[in-house]
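What follows is one structure encoded as structure tokens, with my remarks underneath.
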Amino acid sequence: MNPIRSLQTLSLVSVTAAATLFLMQACGGGAWADEHAADPIEGVWESGVTITDCTSGAVLRTFKGEGLFQRGGALTADNSLPPTTRSTAFGQWRKLSGQSYTASARFLRFNADGSLAGSQRVQRTLTLAADGNTLTGTITAQVIDNAGVVIAPVCGTETSTRIVF
């Protein structure tokens, strides 16, 4: 067989296969596009958070927060409390069904002298409104000391609005 002819045939097949793949992805076809399609919760959200006494329901404090729900399930969150008291929260989110989601995160806590006080685990149950621009949710959390012992529960609610840049 002629080696030049074989190389030309191989090149034509490779170019055709590549062009077909690019065309499928550009048109939104293929399993990859379906698997990695954007979820409506993805984006940046500003939250109004109300922390309550888990037993009585009495309001203990309110503050603002921001969260970034990233494609693939990563979550980064921060809030308006003094940054010397805690770190940025990192975690994950997932869709439960329909407009319902769950999000879990963890952040470090610091004492007034700057030493590590422990951490806090936060679990959120969220519902996305039909318009895709507001979220409501409940918060349960545990304050954890440096030895890993849960020392206090935390309860609360949130209402969030999508930030559009």
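Any read-out appearing in this document is the output of simple, stated calculations on the displayed coordinates, not a laboratory observation. Remember, predicted model here, so these are calculated numbers, not experimental data. All Cβ positions, even for glycine, are placed from backbone atoms using ideal geometry, and neighbour counts span all protein chains on display.
Relative contact order for segment 43-162 using alpha-carbon pairs under 8 Å, separation at least 6, rounded to a whole percent?
Numbers: 304 pairs, mean separation 27.2, N = 120.
Relative contact order here is 23 percent.
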In segment 43-162, taking the dipole from +1 charges on Lys and Arg beta carbons and -1 charges on Asp and Glu beta carbons about the Cα centre, the listed residue (ALA77, VAL122, ALA103) farthest towards the positive end is ALA103
What shape does segment 43-162 have by the C-alpha gyration tensor, where a ≥ b ≥ c are the square roots of the eigenvalues, rounded means a/c under 1.5, and otherwise prolate means a/b greater than b/c and oblate the rest? prolate
Among VAL164, VAL154, which comes first, then next, by fewest other beta-carbon atoms within 10 Å? VAL164, VAL154
At VAL143 and THR127, where each label point lies 7 Å from the Cα along Cα→Cβ, what is the point-to-point distance in nanometres? 3.0 nm
So for the pair ALA37, GLN99, with labels modelled 7 Å out along Cα→Cβ, what separation do we get in nm? 1.8 nm
If the chain between LEU116 and CYS54 were fully extended at 0.36 nm per residue, the gain over the current Cα-Cα distance would be 19.8 nm
